[in-house]
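Worksheet: one structure, shown below.
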Amino acid sequence: MEDSIHYRPTQAIVDLAAIRANVRNLKDYLGSETAVIAVVKADGYGHGEVEVAQAAFEAGAEMVSVATPDEAIRLRMAGISGDILVMGPSPLVFAEKAAELGIILTVSSAEWLQSALDVSEKFMQQLKIHVKIDSGMGRIGLRDEGALRSLMSVVNSTKQVLLDGIFTHFACADEENTENTEEQFIKFMRLVQTLSEKPRLVHASNSAASLLYPEYALDAVRFGIGLYGITPSEYVGGKLPFRLERSLRIESELAYVKLLEVGNRISYGGTYVTSSAEWIGTIPIGYADGLRRGLRGQEVLIDGERMPIIGTICMDQCMVKLPRELAVGEKVVLIGRQDKEEVTMEEWAERLGTIPYEIAVSIAKRVPRIYTGKDGQNI
Ligand SMILES: *Cc1c(COP(=O)(O)O)cnc(C)c1O
């Protein structure tokens with residue numbers, strides 16, 4: 001995709017060198033005892049699952065993880081040969097395929113594992129599993145010792161299954177209050193200690209916990225949002241133990257520029273009316289690209305300055321108020337740095353009353369991803 005020609009100047013530029021730097025810096029911070037599981041679900045948080053997985057492995061990540069079986073299959077088929085963990089639930093019929101492709105599954109109940117064995121032919125190779133413990137997230141996972149014991153008796157009843165890991169997920173690690181996270185960690189470790197044999201990888205931390213609770217790093221951390229240089233929350237942003245390198249920018253160009261007299265309406269609904277003679281620029285990006293309608297008023301960067309989006313954002317285009325005449329073809333940065341100014345996903349998220357995660361995954365497929373910093377370039 002990155003090598004094809006695009007005639008629309010709107011594009012997302014993904015810096016793979018930044019992703020590699022984030023993996024390396026995390027590894028330096030946590031030390032060699034802790035493996036990095038790079039989370040590349042949801043198409044690598046919108047950055048491109050295959051390219052990000054590749055970059056993460058190049059930088060020393062030991063495993064990648066995704067949310068769904070289809071995501072794991074796509075990575076394998078694209079030639080990603082390293083360990084892939086599916087963190088979400090899988091249907092029973094996927095167990096056989098997972099074993100065949102060497103995809104590691106998350107298991108949250110004895111019944112699921114027994115049924116998967118019952119409905120499957122003999123696995124081509126051992127099915128690797130990570131057991132999920134629900135220590136307080138309330139999503140999926142075993143909640144007590146009895147449930148874990150039942151699952152272990154299924155695991156121990158067959159040579160077809162290999163228990164490779166056990167993990168939990170924190171619900172509040174990005175907040176200032178540490179109580180919930182401490183409670184979850186204690187509950188998790190108490191259950192882990194009931195196992196007669198510790199599996200290879202015991203893991204708990206997401207990005208926020210990886211950064212703020214290095215003492216909980218255990219055998220591995222699951223690093224998602226931080227991999228992309230985005231801060232999990234404003235609180236974590238103020239406490240970073242090392243700099244996160246941003247890996248995505250969104251750029252376009254001025255496609256049309258005009259001078260309007262006072263009293264002219266702009267865009268659907270005519271809700272913006274020029275209050276004097278105004279220079280108006282049109283940018284070929286709209287809500288079908290992920291520039292949500294609620295981003296009206298958000299500033300973009302042109303010629304190193306902030307300029308506001310005015311009027312209703314259309315599906316494919318939007319308008320900006322220019323301080324002076326600017327040329328068609330002038331670069332527009334919607335997310336990223338230009339000279340001294342920077343617009344971040346966090347800024348969009350705040351305007352939309354959401355979290356930067358949601359911004360990252362809502363940059364539409366229509367926006368081509370252009371990769372820089374490949375294969376060790378730029379670093
Ligand atoms: C998405 C996800 C992560 C990654 O979370 P970040 O906050 O992006 O680091 C880790 N573990 C599980 C189970 C997840 O679903």
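Tabulated data for the structure shown
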{"item": "In segment 281-304, the residues that are surrounded by fewer than 20 Cβ atoms within 10 Å (Cβ to Cβ) and of a type in the set (V, I, T)", "result": "T282"}
{"item": "Inter-residue pairs, beta-carbon under 7 Å, first closer than 15 Å to M345 by Cβ and in segment 34-46, second within 10 Å of the ligand (Cβ to nearest atom) and open to solvent by less than 10 Å² (accessible area, probe 1.4 Å), 6+ apart", "result": "Y45/G224; Y45/I225; Y45/Y228; Y45/A360; G46/A360"}
{"item": "Members of segment 122-134 found to be over 14 Å from G165 (Cβ atoms) and either open to solvent by less than 10 Å² (accessible area, probe 1.4 Å) or acidic (D, E) (or both), listed by number", "result": "D134"}
{"item": "Cβ-Cβ under 6 Å pairs, at least 6 apart or on other chains, segment 337-358 side small (G, A, S), far side outside any loop (DSSP other than H, G, I, E, B)", "result": "A349/P356; A349/I359"}
{"item": "Residues of segment 105-151 that turn out to be in contact (Cβ under 8 Å) with a residue 12 or more places away in the chain, outside any loop (DSSP other than H, G, I, E, B) and within 18 Å of P89 (Cα to Cα), as a count", "result": "22"}
{"item": "Looking only at segment 305-347, and only at residues there that are of a type in the set (A, V, I, L, M, F, W, C) and open to solvent by 20 Å² or more (accessible area, probe 1.4 Å), the one that is farthest from the chain's Cα centre (by Cα)", "result": "A327"}
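The values are calculated or read from the model by the stated rules, or taken from the named source; none is laboratory data. None of these values were measured; they are calculated from a predicted model. Virtual Cβ from ideal backbone geometry, glycine too; neighbours counted across all protein chains shown. To get the accessible areas, we keep the full protein, side chains included, count just its heavy atoms, and leave off ligands, DNA and RNA. Shrake-Rupley method; radii C 1.70, N 1.55, O 1.52, S 1.80 Å.
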